[in-house]
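Asks: Can you keep this structure in mind? I'll have questions shortly.
The values are calculated or read from the model by the stated rules, or taken from the named source; none is laboratory data. In this text the structure is predicted, and so the values were computed from the model without any measurement. Methodologically, a virtual Cβ is constructed for each residue, glycine included, from the backbone with ideal geometry; neighbour enumeration extends over all protein chains shown. Protein only, heavy atoms only, side chains kept; ligands, DNA and RNA dropped before computing areas. Shrake-Rupley method; radii C 1.70, N 1.55, O 1.52, S 1.80 Å.
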Amino acid sequence: MINALFAAASEAGKAGWVRFLERLCSVAHAEGAAVQILAPEGEGAGWQVGRIALPDAARLHPMRLDRVYSQIDLPGEVAWPEPLRALKVAAGGAGRVVLMIARSNRDFRAAEALALSTLAPHLGQAVMIREALGGERARAARDAEATAALGAGWLVLTPAGTVLEFDPRVAAEFDAGGWLRLRIGARPEFADPDAALRFRQSLAKLGEGGAVVRPIPLGPEAQGVLRLAPGRWRGSPALIGHLRAMPLAEALPVARVAGALDLNRSEARLAALLCDGASLREAAERLGWTLETARSTSKQIYARAGVSGQTGLLRKMFGSALWLG
């Protein structure tokens with residue numbers, strides 16, 4: 001049971017907790033079991049299996065720590081309707097956690113309820129592990145979301161250029177674009193022969209002790225780029241590859257661009273095209289405007305954004321947070 005408890009704490013989601021509670025039911029001959037976290041502010045996560053009527057939080061909060069309660073001494077004035085055993089322990093910053101088992105016929109024998117006492121020294125620690133891992137997963141998810149919005153990713157190569165590991169999201173994007181294919185245990189496959197040649201030249205320079213090599217352009221009009229640098233992976237020398245597929249401002253929601261630069265929607269559409277490298281003539285054709293309309297609108301954009309021309313607009317847009325949602 002202890003192994004099942006810590007396995008549950010290490011997993012994301014509820015599947016591990018369900019397996020743990022099912023194991024507890026089997027050992028204690030219970031019809032149902034539940035875990036309820038009493039967070040410092042309000043109720044936390046909870047899981048249950050089988051047939052069990054859960055006491056409300058008003059009865060759980062007054063429970064003393066590290067004591068196994070039965071249905072007859074559970075806090076509260078009304079007697080609990082069915083045989084129950086409940087244990088409450090401290091779980092550090094996560095608050096308190098209550099573990100319960102129940103059944104509807106005969107009461108639990110001492111040996112059956114002993115399962116809760118056995119788990120008492122470990123339950124709080126398991127919940128603290130769950131909270132810590134949950135925080136790490138949440139931070140990793142936010143990091144991944146930010147890098148995805150910027151089109152950034154990574155890969156790790158051996159010094160000879162064989163792929164050891166890579167970011168699957170960005171690899172899928174480059175593969176779908178037909179620019180680059182990555183497979184564990186093989187060298188990267190480039191669609192562009194010039195990119196493949198640049199890659200081999202970079203490997204040679206890094207192998208000779210060079211620390212800086214020119215980035216390798218990928219895709220049409222160099223929409224993507226791969227930069228290699230010496231580093232370490234799991235304690236061994238490796239090459240760290242930094243990938244980026246340049247995001248298009250035109251793909252951003254118009255309202256987001258307008259809000260970031262204090263523009264109206266028409267101005268925001270033009271600003272996005274200019275940010276993506278279009279000339280005024282090209283942007284006017286895309287929008288169905290006259291060149292004069294595009295020119296006068298661009299001047300309004302530059303004035304509102306506080307920049308002096310298209311270069312300044314690009315710098316402001318690429319340095320802003322509008323790519324991050």
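Asks: Calculate, in whole percent, how much of the Cα-Cα pair population of segment 212-253 lies beyond 13 Å.
Replies: Every Cα pair in segment 212-253 considered, those over 13 Å come to 62 percent.
Asks: Still on this structure: Let me spell out the model: positive unit charges on the Cβ of Lys and Arg, negative unit charges on the Cβ of Asp and Glu, origin at the Cα centre of segment 129-261. What dipole size does that give, in debye rounded to 20?
Replies: 360 debye
Asks: Above 37 Å lies some portion of the pair distances; for the chain, what is it as a whole percent of all C-alpha pairs?
Replies: So the pairs more than 37 Å apart make up 50 percent of the total in the chain.
Asks: If each DSSP helix of 4+ residues adds -39,500 (n - 2.57) and the sum is divided by the residues in the chain, what number results at 222 nm, nearest 500 deg cm²/dmol?
Replies: Calculated from helices alone, the mean residue ellipticity at 222 nm is -14000 deg cm²/dmol.
Asks: Please give the charge dipole size of the chain, origin at the Cα centre, charges +1 on K and R Cβ atoms and -1 on D and E Cβ atoms. Round to the nearest 20 debye.
Replies: Its charge dipole is roughly 500 debye.
Asks: Let me ask something additional. Would you work out the relative contact order for segment 24-175, in percent, from Cα pairs under 8 angstrom that are 6 or more residues apart?
Replies: 19 percent
Asks: Test of understanding: in a Gaussian network model of the chain with alpha carbons linked when under 10 Å, which of GLY219, GLY177, GLY235 would top the mean-square fluctuation ranking?
Replies: In the Gaussian network model the winner is GLY235.
Asks: Divide, for segment 167-265, the radius of gyration over alpha carbons by 2.2 N^0.38 Å, where N is the residue count.
Replies: Relative to the rule-of-thumb radius for its length, segment 167-265 sits at 1.34.
Asks: When the solvent-accessible surface of protein heavy atoms is calculated with a 1.4 angstrom probe, in what order do SER236, SER202 fall, highest first?
Replies: SER236, SER202
Asks: Cα centroids of segment 65-103 and segment 150-197: how far apart, whole angstrom?
Replies: 54 Å
Asks: Could you give the DSSP H helices of the chain that reach 24 angstrom or more along their long axis (alpha carbon positions) and whose average Kyte-Doolittle hydropathy is no lower than -0.5?
Replies: Those that pass (Cα extent of 24 Å or more, hydropathy at least -0.5) are 110-149.
Asks: With θ taken as phi - 60° and the coefficients 6.51, -1.76 and 1.60, list the Karplus ³J(HN,Hα) couplings across segment 94-108 in order, rounded to whole Hz; mark glycine and proline as x.
Replies: 6, x, 10, 9, 10, 10, 9, 10, 8, 7, 9, 9, 7, 6, 6
Asks: Per the 1.4 Å probe, what fraction of the accessible area of the chain, in percent, lies on carbon and sulfur atoms?
Replies: Looking at the chain in its full context, I get 54 percent from C and S.
Asks: Moving on to the next point. FRET efficiency for ALA141 and ASP73, Cβ-Cβ distance as r, R0 = 35 Å, nearest 0.05?
Replies: After rounding to 0.05, the efficiency reads 0.25.
Asks: Additional query: So what J values fall out for segment 210-219 if you push phi through Karplus, 6.51 cos²θ - 1.76 cosθ + 1.60 with θ = phi - 60°, rounded to Hz, Gly and Pro as x?
Replies: With the stated coefficients, segment 210-219 comes to x, 9, 10, 10, 5, x, 9, x, 10, x Hz.
Asks: Quick one: grab Rg to one decimal and Dmax as a whole number for segment 31-129, Cα atoms only, in Å.
Replies: Final numbers for Rg and Dmax: 12.6, 37 Å.
Asks: Now for a separate question. Give, as ranges by residue number, the residues of segment 174-216 whose backbone N falls under 13 Å from the point 7 Å along Cα→Cβ of THR158.
Replies: 184-188, by backbone N distance to the label point.
Asks: Can you work out the accessible area per residue across the chain, with the rest of the protein chains kept in place, probe 1.4 Å, in square angstrom?
Replies: Per residue, the chain has an accessible area of 52 Å².
Asks: Related question: At 1.4 Å probe size, what's the solvent-accessible area of ASP143? Round to the nearest 10 Å².
Replies: Counting only protein heavy atoms, the figure is 100 Å².
Asks: Distance between Cα centroids, segment 116-131 to segment 256-272: provide it in whole Å.
Replies: If we compute the Cα centre of each part, the gap is 53 Å.
Asks: Something else about it: Per residue, what volume in Å³ does the Cα convex hull of segment 228-325 take up?
Replies: 117 Å³
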